[in-house]
Amino acid sequence: MKAIFYLVQKEFRQIFRDHMMVRIIFLLPLLQLFIFGYAVNNDLKDVRISILDQDNSVESRHLADAFLNSSLFIPGPAAHSPADLDDLIYKGKTDITLWIPNDYSSSLSVGQEAQVGIAVDGKNSNLGGRAGGYAMAIIRQEGQRLRDARMLDNPLLRAKMKEIKTATRFFYNPELVSRTYMVPGIVVLVVTIISGLLTGMAVVRENEIGTLEQLMVTPITSLQLIAGKTIPFMILAFFELAFATVVAVLWFKIPIAGSLWLLTGSSLVYLVVTLGSGILASTVSRTQQQAMFTVWFFLVFGILMSGFFYPIENMPMAMQWLTYLNPLRYFLSIVRGLFLKGITLSDSLPDLIPMALLGIIIFGAAILRFRKTVA
Amino acid sequence: MNDNNGYAVRTDKLTRRFGSFTAVDAIDLAVKPGEIFGFLGANGAGKTTAIRMLCGLLAPTEGEAWVDGLPISSKAEEVKRHIGYMSQKFSLYNDLHVIENLEFYGGVYGLDKAEIRSRSTELLARVGLEDKGRTMTVDLSLGYKQRLALGCSVIHRPNILFLDEPTSGVDPIARRQFWDLIYELADQGTTVFVTTHYMDEAEYCSRVSIMVAGHIEAMGAPEELKTKHDVPDMQQLFITLVNR
Ligand SMILES: Nc1ncnc2c1ncn2[C@@H]1O[C@H](COP(=O)(O)OP(=O)(O)O)[C@@H](O)[C@H]1O
Ligand SMILES: [Mg+2]
């Protein structure tokens, strides 16, 4: 037990004397939070709508007002023809358009179905889909109002919606996931990097300079050695977790709906996975660069296959199955759930249990391999 | 196994193969307590491999060895409490202070706090680093680093000390100083098992063995060996044996 204390103390001394380490620990999370936090769009609001009202009647103005009075839409530039409307979208000057043709009120007055046209910017399907859905809801409401006023059974208003595909696509965040969704993900990322990457490198560094062999002729056991290597990075990871969470809550104003205990507890389970992976990577790497590369390789896969950028539901089926082997997927789901939905322990079990199983497997494998390679 | 109790180190046909290559070939050694035993051989002769087996870092392919009377095959963990080891690429933490290196190894060997304190200060003085306790280890000269490494490997007062080429790469004066430390330890009853390829250092040993390509070609006190092979010095003896 005492030996573990000296191992941990030594590790902390080394960490804090290494400027690179200090930078990774303190600057990296801040950078990630701010780059990703600001690179992403806010939640849906201030969607620009351009309306072409060619009917210019009481009824048509009523419909246009229904849009402009909603909290979502703000007026975009005016248009003089339907072609103008499409043009505005292509030029990125507006996000959504509404075209009310000149037969709008006359169709309604003879009890015929009136048709309007809606076009959304398809540049990002998330925003387009959500804004379009909102527009259709307003149309439905207006149709309901008209029908109720005349005591008719069939709807009087119908909209034709089209999506205009413009070229631009965002590289880093194609779905323009909102910040509230992104920042909790970065919390996960920061914890993963600190615990997985640095542990692996710390073990390999000892191997490189030969101190690992020196430690193996002392009476300490390989389990004590693993404890001495993982405990410091576990402590650091918890520090990072707290730090990133505080930034998320205080700076980005993203409230945590769920319990902090669950966040701490599930992080502990997740750390078993990442610390184990770090040790495992160290057993297959001879140099720090190799260890870094190994961890990085799996990390990139883990991130891509976790739903961090790209929703798992939108992946091909085979990929979706693969994500079940990805511990990051589970922890991301728990942390997002905790922040956004306030999930409880029982809600988190479908993620927590497979994550714990993966942790046991990976850490167990790490211990076995570590024993084999160093002893 | 009683016959092993009298010896600090004894080996019986100790062998290590890497694939089809035999690095250490059935060597028989017997080192008496308190001896300075010189384990000589050219580069690649198998010295490090043999020492790593004796320290429990490497399992023998065949044969057995007893260190402080304990069989390494079954009591490797216990053996570790009886020995000190300074590896060929002697292993210090460059980013720790000199005193922190000593204290760390004291802690790892399970000494208690007061003991770590007193032992570190004592060893610091012994290896001539008393005014460099707070120096960053990386800033030490090679000679000082080697002496610090020696200090770290004896912090727990081992009965037997294994030194693998402890003086390689330093000037003759630093080497002489290092050997003075070895003598001091031996005087206090520590058995020293030291490898070297400097033949002048062989003269400082109570007994030596000379290893060539995995075999022990000669073993005995330096004077005895010189007489037996009719050579003026160890250098000559070594050349004779290698060319045989
Ligand atoms: N882990 C290993 N795998 C394969 N060959 C090895 C290994 N360790 C040492 N050897 C070989 O064994 C021989 C003896 O090496 P070593 O014991 O280091 O010699 P010395 O210490 O006398 O210079 C060398 O030829 C070396 O290449
Ligand atoms: Mg060697």
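Descriptive notes on the structure:
- Ligands, DNA and RNA left out, the 1.4 Å accessible surface of chain A is 65% carbon and sulfur atoms.
- Here the Kirkwood formula, the inverse mean of 1/r across different C-alpha pairs, assigns region A:220-296 a hydrodynamic radius of 14.3 Å.
- B:Lys89 - accessible surface, heavy atoms, 1.4 Å probe, Å² rounded to 10: 120 Å²
- When the Gaussian network model of chain A links Cα atoms closer than 10 Å, the mean-square fluctuations of A:Leu223, A:Leu33, A:Leu345 top out at A:Leu223.
- Peptides A:45-54, A:105-114 ordered by packing proxy, namely the average of other Cβ atoms within 10 Å per residue, highest first: A:45-54, A:105-114.
- The mean accessible area for residues of the protein assembly as shown, using a 1.4 Å probe and ignoring ligands and nucleic acids, is 45 Å² per residue.
- Centroid-to-centroid separation of region B:75-121 and region A:194-214 [C-alpha atoms, Å]: 18 Å
- Measuring with a 1.4 angstrom probe and ignoring ligands and nucleic acids, A:Trp99 comes out at about 90 Å² accessible.
- Net charge over other residues, Cβ less than 15 angstrom from the Cβ of A:Ala244 (K, R count +1; D, E count -1): +2
- Extension gain for the segment A:Arg140 to A:Ser57, taken as residue separation times 0.36 nm less the Cα-Cα distance, is 28.0 nm to one decimal.
- Solvent-accessible area lost in complex, 30 Å² minimum, residues of region B:85-100 relative to chain alone, 1.4 Å: B:Tyr85, B:Lys89, B:Ser91, B:Tyr93, B:Asp95, B:Leu96, B:Glu100
- Here the Kirkwood formula puts the hydrodynamic radius of chain B at 18.4 Å, using every distinct Cα pair.
- Test item: B:102-113 mean partner chain Cβ contacts at 10 Å: 5
- Figure note: A:Asp351, B:Asp233 ranked by solvent-accessible area, largest first, 1.4 Å probe, ligands and nucleic acids not counted: B:Asp233, A:Asp351.
- Stokes-Einstein, applied to the Kirkwood radius of the protein assembly as shown over Cα pairs at a viscosity of 0.692 mPa s and 37 °C, places its translational diffusion at 110 µm² s⁻¹.
- Each peptide among B:53-63, A:196-206, B:175-185 gets the average number of other Cβ atoms lying within 10 Å of its residues, and from highest to lowest they stand as A:196-206, B:53-63, B:175-185.
- Mean partner shielding of peptide A:214-225, defined as the number of other chain Cβ atoms within 10 Å of each residue Cβ, is 6.
- Evaluated over region A:47-160, the Cα radius of gyration and Dmax, each in Å: 13.7, 43
- Chains B and A together bury some 2400 Å² of accessible area, summed over both sides, with a 1.4 Å probe.
- Linear extension gain, A:Tyr324 paired with A:Leu368, 0.36 nm per residue minus alpha-carbon span: 13.4 nm
- Cross-link partners of B:Lys13 among lysines (Cα-Cα below 17 Å; sequence separation of 8 or more within a chain): B:Lys47
- Test item: B:71-83 mean partner chain Cβ contacts at 10 Å: 1
- Accessible area, probe 1.4 Å, largest first, for residues A:Arg13, A:Arg61: A:Arg61, A:Arg13
- Accessible area per residue was computed with a 1.4 Å probe on protein heavy atoms; B:Lys32 scores about 100 Å².
- Links that overshoot a 23 Å alpha carbon limit, given the list A:Lys229/B:Lys80; A:Lys253/A:Lys341; A:Lys10/B:Lys75; B:Lys145/B:Lys226: A:Lys10/B:Lys75; B:Lys145/B:Lys226
- Candidate aspartates and glutamates for bridging to A:Lys2, where Cα separation is under 12 Å - those fewer than 8 sequence places away on the same chain excluded: B:Asp112
The values are calculated or read from the model by the stated rules, or taken from the named source; none is laboratory data. Predicted model, so just to flag it, every value in this text is computed and none were measured. With ideal geometry, Cβ positions are generated from the backbone for all residues, glycine too; neighbour counts draw on all protein chains shown. Heads up: the accessible areas ignore ligands, DNA and RNA and are worked out on the full protein's heavy atoms, side chains in. Shrake-Rupley method; radii C 1.70, N 1.55, O 1.52, S 1.80 Å.
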